[in-house]
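Chemist: Before I ask anything, here is the structure I am working with.
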Amino acid sequence: MKSPLPLLLPLAASLLLSLPLALGEDRPNILILFTDDQGTLDVNCYGATDLRTPHMDSLAETGVRFTQAYAHAVCCPSRAALLTGRHPNRSGVESWLQGDRNGSDAHLANMAASEITLAEILKEAGYDTALFGKWHLGAKVGHGPLDQGFDRHFGHLSGFIDNYTHYFLHGQGYHDLYDNNEEIYRRNQYYPTLIGDEALDYIEQQRDDPFFVMVSFNLPHYPEQPLQELKEAYPEMEMPRQSYARVIETVDIQIGQILAKLDETGQRENTLILFSSDNGHSEENNNGITVGYHNSGYPIGHYYLAHGGGGYTGKWIGHKGEFLEGGIRVPTIVNYPKRFPQGETRDQVVTVMDWMPTLVELLGLPKPRNPFDGHSLLPILENPDAHSPHTVLHFDWRNSWAVREGDWKLIATYNRTNESHTYTLHNLADERPEVKDYASEKPELVARLKTLHEEWAKDVKLN
């Protein structure tokens, strides 16, 4: 009679993965690498073979890569969803948030202070917590990173800043660089390096207690200002892809430095790493600075946008600011070889809201009083054949919205002039996904998806 042991070993392994950490087992450090406006397939391991992304690729080689991972169409709601595990509408993140702590845009909203963030949960569990880089969930005093669970913050509060002057450049512009809650001035010092150095120093110092670090990169978001050694890189590549490739590689180099520091300090094995982007690539383009005496000191005509976009989406279409796949589907990798598979791919639908519930379950922490909209992904990490916890996906931003059920997606685009919506219906299974609009052919399906959205909106929207 054959021993049952060979049959039991895979089962035991899967049960070990799905269970919370055992009592007394070291809790892992948590490192989130969150890029800004990195397109749907803009990593070599996702198919963008014209880029150099060896360090991002290395995370996939020893981790799990997701092919149907969703964030949101723009920065603010993606960050709210990641840090709360909830639809951003629940916290009032439905339009652009305040970015200038000194008040030039004080009329804008901030994420509700009542939200419970991943940083707050982990801090309560004994983690030291830090955010390096972009916040973009509200600049008003009482709504910043230090008010939402982070012990340490170095970076900017708004959507973007120039990498040398550290000014937000839209409109008249304003200065936006903070060390904790102190506004600081480091003019002409390259901002991505400032962020990276702060992260490296922090990791070097944190050897005794578990840490949660979110490195919230400001690239490849415009201004597309790469490292000095990459300013002439990709000479054979045409614009705007050339400019975009330079800042993608800049981020990859930064990630490599962080991974090397974890190796150097002996912390890599016990660090869970999540890599993702907040939305698709940007195609923003305009005339640059159009006002005189700009607060940054830049002259009229200084260009700082995305050159019309250099991202790669493969068969998908769309970009940042749209609910087409190219705007909301993002590269996502989780790396923790101590507990998770290595070199594997998952094709299930997952969202940026799922990572907080996943970590809470993995660490055996109590769920916060604010209920999650995301779901733990431990079953999917354990079993490549597990079903996605998401049968329907909802997105909402500034009165426009989308709902996906199966392969069908209804997009409602709001026209502010006549205060009405235009509806388009798309099928992701088409050979050329989302190119064709089926709305006129399938009015019953349009009506049903509208109803799904209306029921969802009643639950999650504050007004």
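Chemist: Per DSSP helix of 4 or more residues, -39500 (n - 2.57); summed, then divided by the residues of the chain. What does that give at 222 nm, rounded to the nearest 500? All intermediate terms of the calculation are to be shown ahead of the outcome.
Modeler: On the way: 10 runs with 114 residues, N = 463.
-7500 deg cm²/dmol, from helical runs alone.
Chemist: Identify which of the listed values of Cα extents along the principal axes in Å was calculated from the structure shown: [x] 71, 67, 42; [y] 68, 46, 40; [z] 86, 60, 49.
Modeler: Among [x] 71, 67, 42; [y] 68, 46, 40; [z] 86, 60, 49, the one derived from this structure is [z].
Chemist: Residue by residue, what Karplus-based ³J(HN,Hα) values in Hz, rounded to whole numbers, does the range 397-414 have, using 6.51, -1.76 and 1.60 with θ = phi - 60° and x for Gly and Pro?
Modeler: Karplus-based 3J(HN,Hα) across the range 397-414 equals 7, 6, 6, 8, 7, 8, 9, 10, 10, x, 8, 9, 9, 9, 10, 10, 9, 8 Hz.
Chemist: The range 115-183: which GluC sites (Glu not before Pro) are DSSP loop and have at most 16 other beta-carbon atoms within 10 angstrom? Walk me through the numbers before you get to the answer.
Modeler: Working: sites: Glu115, Glu120, Glu124, Glu182, Glu183; in loops: Glu115.
The qualifying sites: there are none.
Chemist: Name the long-range amide H neighbours of Ser400: under 5 Å, sequence gap of 5 or more, or other chain; modelled H, no Pro or chain starts.
Modeler: Tyr414
Chemist: Okay, moving on. Would you mind checking Lys123/Lys367; Lys315/Lys436; Lys140/Lys320; Lys409/Lys436; Lys436/Lys458 for any pair whose Cα atoms are more than 19 angstrom apart? Display every interim value, and only then the final one.
Modeler: Details: Lys123/Lys367 14 Å; Lys315/Lys436 13 Å; Lys140/Lys320 26 Å; Lys409/Lys436 12 Å; Lys436/Lys458 30 Å.
Exceeds cut-off: Lys140/Lys320; Lys436/Lys458.
Chemist: Antiparallel DSSP bridges in the range 5-390: what percent, to the nearest 5?
Modeler: Numbers: 14 of 43 bridges.
Bridges in the range 5-390 are about 35 percent antiparallel.
Chemist: Given H placed 1.01 Å from N in the peptide plane, which residues other than close sequence neighbours of Asn279 have an amide H under 5 Å from its amide H?
Modeler: Placed amide hydrogens put Asp37, Gln38 under 5 Å from Asn279.
Chemist: A further question on this structure: In whole Hz, what ³J(HN,Hα) sequence does the range 428-435 give by Karplus (6.51, -1.76, 1.60; θ = phi - 60°), x for Gly and Pro?
Modeler: Values per residue, Gly and Pro as x: 6, 8, 4, 4, 10, x, 6, 6 Hz.
Chemist: Which ³J(HN,Hα) values, rounded to whole Hz and listed in residue order, are derived for the range 381-387 from phi using the Karplus coefficients 6.51, -1.76 and 1.60 in 6.51 cos²θ - 1.76 cosθ + 1.60 with θ = phi - 60°, glycine and proline given as x?
Modeler: For the range 381-387, the Karplus curve yields 5, 6, 9, x, 9, 5, 6 Hz.
Chemist: Between the range 194-248 and the range 265-324, how many Å separate their Cα centres?
Modeler: Cα centroid to Cα centroid, the span is 12 Å.
Chemist: Name the trypsin sites (Lys or Arg not before Pro) in the range 409-453 that are in a loop by DSSP and that have at most 15 other C-beta atoms within 10 Å, would you? Spell out each step's value before the answer.
Modeler: Values: sites: Lys409, Arg416, Lys436, Arg448, Lys450; in loops: Arg416, Lys436.
Passing both the DSSP loop test and the Cβ count: Arg416, Lys436.
Bear in mind these aren't lab numbers, they're just calculated from the coordinates by the rules spelled out. Everything quoted here is computed from the prediction, not taken from an experiment. A quick note on method: Cβ atoms are made from the backbone with ideal geometry, for glycine too, and the neighbour counts reach across all protein chains shown.
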